[in-house]
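The values are calculated or read from the model by the stated rules, or taken from the named source; none is laboratory data. Predicted model only: the values in this text are computed from it and were never measured. FYI the Cβ positions are ideal-geometry reconstructions off the backbone, even for glycines, and counts take in every protein chain you see.
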Amino acid sequence: MPQPINLTDDQFEAEVMKSDIPVLIDFWATWCGPCRMIAPIVEELAGEYDGKAKICKLDVDNNQQTAMKFGVRSIPTILIFKGGEVVDTIIGAVPKNQIVEKLNSQIG
């Protein structure tokens, strides 16, 4: 089953900004309880959206440059990119249906 892409600051440009399909990024950290709550959802989405959207995770402790660039101040934060632009933001641990709804609106 496909897994989320573990992004780094160095990969961000190629994987996200130049992607021809929407990209969902879960900004998280190992010490963050709510991040652990949504991690299984993000993993499910990687399988469900394989080929339709890129599902990624970015550890904010190890990749502070990207988190700062996009103003991520609290985690978990999910950003959805399309055409190299942020088109939607979800802050906090939310139910899967809310994430799916926002991601579906960017596909197709």
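Quick look at the numbers
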| quantity | calculated |
| --- | --- |
| Any hit, the stretch 41-64, residues being at positive phi and surrounded by fewer than 20 Cβ atoms within 10 Å (Cβ to Cβ) | yes |
| Test: residue in the stretch 21-36 that is in contact with an Asp or Glu (Cβ under 8 Å, 6 or more places away or on another chain), part of a loop (DSSP other than H, G, I, E, B), surrounded by 19 or more Cβ atoms within 10 Å (Cβ to Cβ) and modelled with pLDDT of 95 or more | no |
| Selection count, the stretch 29-46, where residues are under 22 Å from residue 104 (Cβ atoms), within 14 Å of the chain's Cα centre (by Cα) and not charged (D, E, K, R) | 7 |
| Among the candidates 12, 27, residue that is out of contact with any His (no Cβ under 9 Å at 6 or more places or on another chain), under 16 Å from residue 93 (Cα atoms) and among the aromatic types (Phe, Trp, Tyr) | 27 |
| Residues satisfying the stated conditions in the stretch 55-88, i.e. within 14 Å of residue 28 (Cα to Cα) and β-branched (Val, Ile, Thr) | 55, 60, 66, 72, 75, 77, 78 |
| Top-ranked residue in the stretch 59-96 [being touching a Phe, Trp or Tyr at 6+ places or on another chain (Cβ under 6 Å) and part of a loop (DSSP other than H, G, I, E, B); ranked as farthest from residue 46 (Cα to Cα)] | 72 |
| Options 11, 106: the member that is touching a residue at least 40 places away in the same chain (Cβ under 8 Å) and not hydroxyl-bearing (Ser, Thr, Tyr) | 106 |
